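Below is one structure, written out as structure tokens, with a few remarks after it.
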Amino acid sequence: MEYDLIIIGAGPAGYVAAIRAGQVGLKTAIVEKEYIGGMCMNWGCIPTKALLESAKVFNKVKVAEEFGIDGIDLKKLSFNWEKAKARSNRITRKLIGGVSHLLKENGIEIISGTARLGSDHSIYVDDKKIRAKNIIIATGSKPKAMDKMLSNAPIVEMEKLFELDSIPENVIVTGNHVSSVEMAQFFNLIGKKVTLIANSDFFMVGLDEYLISTVTEKLKTDNIDLILNVYPEKFENSELHIGGFKIKCDLLVNCNSRKAIFPESEIPLELTERGFLKTSDTFETNIKGVFAIGDVSGKSFVAHVASAQGIHIVNYIKGIKGNFDSTTYPINMYTIPEMSQIGMTEQAIKDVGIEYKISEFPLSVNGKAMIEGNTEGFIRMISDKKYGQILGIQIVAANATDMIAEAGAFMNLEATIYDVAKTIHAHPTVSEIYMEASFDAVEKAIHH
């Protein structure tokens, strides 16, 4: 059977591309060997954020008295791991069911099995051979394995975390980026002793240095031990030996840097130095008509960018040409408080020699933030000195991951600080900090 498009992998890159392909009339099949929704829906983005939300509510209840609520006995308050998992699972099942329905509704054939690329634009799924004019590889990535010297340690991969019956007292998280910080905070919020080990000198790479310092200070405030630039050496007597220290370890959670997962291919696929599929500006691999999007290409490791790449490639196949703008996508951290950034970092702006101005506004004087009891945070707006164009925005706030979308709209329109200042923001809202920061850039913030 021949298709216009075959997609390998049904995560956020693959299933969004498939739905879009069906909408524009492409005869499409999607091959998935295990989980519709991929890592993101099954044990990544959605399930972990559900756990974080449960932990946030758990901690919010502790200060209920400040909001005039009596009758809560803090001595009896506890975090129920099984119930939190069950809630997360209900959300996940509902979303996966919705994706499966949309795939079928848009005429996408779902093929279960492991795909192997043939030499003539064909794909073998077990014993079945199918062909397509275009192929998208969207097979994702996984954390790099822990050192073999730690094989006796109580290691758990993220996809197995939800299989645990309970969470022990002493938790060590390894990793350098967003997910490792989120998980470290989660375990801390539910009352565990947490150590975060960033085993390279690329801790939170890609974030503005100002945000990185905010993250490290927050970890310190939360009594989460952060150990940088060292590798665990061995596990012995329930202790992890690292950099001259011995740390009590009941659970070692692997959130390490990621490695690509890609299918076998009769024609060798060209790789980057980091081991990801090498692609052109149009996401095409060294095999004509075979594209790679999402984690497997190593260009981004966030679901929303993977989905955007999928839509971009389907448009490309339909003859709609355009450049994929990778400069205006948000990087989100679902911590407490949440953190987001979009656009250029201050360091990148310095590197290209643009004269710039930074304007900030704290949440501590925002009415809605006070009402909600979420006054920790700020907005940081970086603009071009000459024309006032917004170059980058960083937000730390309880709902920063939602608020950053407004910044994305401004930046896609190449808006200036004057455009933001003219935009009327409802009162009282936390989003008023946009207006305040823009007025601060022009001259002086209204409420500062």
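Kindly identify segment 304-356 as rounded, prolate or oblate by the Cα gyration tensor criterion: order the square roots of the eigenvalues as a ≥ b ≥ c, call it rounded if a/c is under 1.5, otherwise compare a/b with b/c, prolate if a/b is larger, else oblate. Oblate shape, in that a/c is at least 1.5 and b/c is the bigger or equal ratio. Which shape class, rounded, prolate or oblate, goes with segment 145-256 when its Cα gyration tensor gives a ≥ b ≥ c as root eigenvalues, a/c under 1.5 marks rounded, and past that a/b bigger than b/c marks prolate? Judged from the Cα gyration tensor, segment 145-256 comes out prolate (a/c at least 1.5, a/b above b/c).
Where both bridge residues fall in segment 1-134, DSSP classifies roughly 40% of the beta bridges as antiparallel.
Global size of segment 185-334: 19.8, 62 Å for Rg and Dmax (C-alpha atoms, Rg to one decimal, Dmax whole). Using only the alpha-carbon atoms of segment 268-363 as identical scatterers, what base-10 log of I(q)/I(0) does the Debye formula give at q = 0.21 Å⁻¹? Calculated log10 I(q)/I(0) at the listed q: -1.12.
With the alpha-carbon atoms of segment 31-78 aligned to their principal axes, the span from lowest to highest coordinate is 54, 19, 10 Å, starting with the largest. Taking every alpha-carbon pair under 8 Å whose residues sit at least 6 apart, the chain reaches a relative contact order of 14 percent. Solvent-accessible area of residue 61, all protein chains in place: 50 Å² (probe radius 1.4 Å, heavy atoms, ligands and nucleic acids excluded). In the chain, helices alone account for a calculated mean residue ellipticity at 222 nm of -10000 deg cm²/dmol, with every DSSP H run of four or more residues adding -39,500 (n - 2.57).
Rounded to the nearest whole angstrom, the semi-axes of the ellipsoid equivalent to segment 1-92, taken from the Cα gyration tensor as √(5λ), stand at 44, 13, 7, largest first. Peptide packing: for 93-101, 39-47, the average count of neighbouring Cβ atoms within 10 Å per residue gives the ranking 39-47, 93-101, highest mean first. Each principal axis of the Cα atoms in segment 331-442 has its own extent, and those three values, largest first, are 40, 28, 21 angstrom. Shape class of segment 78-149 from the alpha-carbon gyration tensor: oblate, with a/c at 1.5 or above and b/c at least as large as a/b. A straight line joining the Cα centroids of segment 398-437 and segment 53-128 runs 30 Å. Computed with a 1.4 Å probe on the full set of protein chains, the accessible area for residue 312 sits at about 30 Å². Which GluC sites (Glu not before Pro) in segment 365-448 pass both tests, a DSSP loop state and at most 14 other beta-carbon atoms within 10 Å? Sparse-neighbourhood loop GluC sites (Glu not before Pro): 414, 443. Between residue 74 and residue 102, the FRET efficiency from the beta-carbon distance, with R0 = 41 Å, is close to 0.40. By DSSP, the beta bridges lying fully in the chain are antiparallel in about 55 percent of cases.
Sequence-distant contacts, meaning Cα pairs under 8 Å at least 6 residues apart, place the relative contact order of segment 1-102 at 27 percent. Extending 7 Å from Cα along the Cβ direction at residue 447 and again at residue 231 yields two label points whose distance is 5.1 nm.
Ligands, DNA and RNA aside, residue 339 has an accessible area near 10 Å² when probed at 1.4 Å. Checking (1) 4, 19, 26, 26, 19, 6, 1; (2) 4, 21, 30, 28, 14, 3, 0; (3) 5, 25, 35, 25, 9, 1, 0 against the coordinates, the calculated P(r) over Cα pairs in 10 Å bins from 0, in percent falls under label (1).
Shown for the chain: cysteine residues without a partner Cβ closer than 4.7 Å, namely 249, 255.
The values are calculated or read from the model by the stated rules, or taken from the named source; none is laboratory data. Everything numeric here is computed off the predicted structure, so don't read it as measured data. For neighbour counting, all protein chains shown are included, and Cβ atoms are generated from backbone atoms with ideal geometry for every residue, glycine included. The protein model used for the area step is the full one, side chains on, heavy atoms only, and it has no ligands, DNA or RNA in it. Shrake-Rupley method; radii C 1.70, N 1.55, O 1.52, S 1.80 Å.
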